[in-house]
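Here's the structure we're looking at; comments come further down.
The values are calculated or read from the model by the stated rules, or taken from the named source; none is laboratory data. On a predicted model such as this, the values are computed, not experimentally measured, just so you know. All Cβ positions, even for glycine, are placed from backbone atoms using ideal geometry, and neighbour counts span all protein chains on display. Only protein heavy atoms, including side chains, enter the accessible area calculation; ligands, DNA and RNA are left aside. Shrake-Rupley method; radii C 1.70, N 1.55, O 1.52, S 1.80 Å.
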Amino acid sequence: MSNLISFAMPHVITIGMLVVISITTRFLLELIGQHWIKTFAHTATLVLLPIITFIITSVISGNIALSLGLVGALSIVRFRNPVKSPFELCVYFAVITMGITATVSKMWLIVFTGGIYGSMLLLYIIDIILKKFFNSYLFQTSFSEGNSLSTLEVTSQNALTSIDSFTSLVSKSMVNGRFEYVFASNNLSELNNILEEKILKENSIESYQL
């Protein structure tokens, strides 16, 4: 019994570390605006992938026969779920790497996780600074990333050249002689400001929907 405990305890500690890191990663992704992670399926995937990878890597390490068997199994069982964005794919690859790293060294796991967290927080902070002090945006808004967005749709008789510079403008088209504009942003107040300070002051506006 004591042998079982002494064998299992290091693995239990490592799995506990992976669970804590995965949950922390989930809340960090939500903080930086990746709202697709809020679903149960994505959160559970984020937690389970590093544990599964850690166990598999631990079992097959140093065993060529098991390694070849695993390659054959993975060629049959593989992910068929479409990935919505390159970043989502990168997140899955990162948590798989966490599981592999945990098998080799806990210190490398901490260093790797710290590098990932530091990079994401740095991008988030730079984006906040650019928005607040320079009225500029580091990132463009994308509907394909699974984020919850507020939209502003405007129809005008004439072209609105004064709003072309806004980074939240994601679509501009002309239909039946009328100009249609679509704005999208995670920040509803930003679209309200555009509506009140720019759109409503134009005499050629036919309709708008926020």
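Yes/no per residue for (1) in contact with a Lys or Arg (Cβ under 7 Å, 6 or more places away or on another chain); (2) at pLDDT below 80; (3) closer than 21 Å to Ile116 by Cβ:
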{"site": "Asn3", "(1), (2), (3)": "no, yes, no"}
{"site": "Ser6", "(1), (2), (3)": "no, yes, no"}
{"site": "Ile15", "(1), (2), (3)": "no, no, yes"}
{"site": "Val20", "(1), (2), (3)": "no, no, yes"}
{"site": "Thr24", "(1), (2), (3)": "no, no, yes"}
{"site": "Leu31", "(1), (2), (3)": "no, no, yes"}
{"site": "Gln34", "(1), (2), (3)": "no, yes, yes"}
{"site": "Phe40", "(1), (2), (3)": "no, no, no"}
{"site": "Val47", "(1), (2), (3)": "no, no, yes"}
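When you check Glu153 against the structure, is it in contact with a Phe, Trp or Tyr (Cβ under 8 Å, 6 or more places away or on another chain), modelled with pLDDT under 75 and open to solvent by 50 Å² or more (accessible area, probe 1.4 Å), yes or no? No: the conditions fail for Glu153. Checking Asp127, Asp164 one by one, the residue that is under 15 Å from Ile32 (Cα atoms), modelled with pLDDT under 80 and either open to solvent by 50 Å² or more (accessible area, probe 1.4 Å) or charged (D, E, K, R) (or both) is Asp127 and no other. The residue that is modelled with the highest pLDDT, among those in segment 49-86 that are more than 30 Å from Ser150 (Cα to Cα), open to solvent by less than 80 Å² (accessible area, probe 1.4 Å) and not in a helix (DSSP H, G or I), is Ser61.
Report every pair of residues separated by at least 6 positions or lying on different chains whose Cβ atoms are under 6 Å apart, first residue within segment 188-210 and without any contact (Cβ under 8 Å) to a residue 40 or more places away in the chain, second assigned to a helix (DSSP H, G or I) and not small (Gly, Ala, Ser). Matching pairs, first to second residue: Lys198/Ile163. When segment 91-110 is filtered for residues that are loosely packed, with under 12 Cβ neighbours inside 10 Å and at pLDDT 85 or above, only Met107 remains.
Here is a yes/no grid of residues against (1) within 23 Å of the chain's Cα centre (by Cα); (2) surrounded by 12 or more Cβ atoms within 10 Å (Cβ to Cβ); (3) modelled with pLDDT of 80 or more:
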{"residue": "Ser168", "(1), (2), (3)": "yes, yes, no"}
{"residue": "Lys172", "(1), (2), (3)": "no, yes, yes"}
{"residue": "Gly177", "(1), (2), (3)": "no, no, no"}
{"residue": "Glu180", "(1), (2), (3)": "no, yes, yes"}
{"residue": "Asn186", "(1), (2), (3)": "yes, yes, no"}
{"residue": "Ser189", "(1), (2), (3)": "yes, no, no"}
{"residue": "Ile194", "(1), (2), (3)": "no, yes, no"}
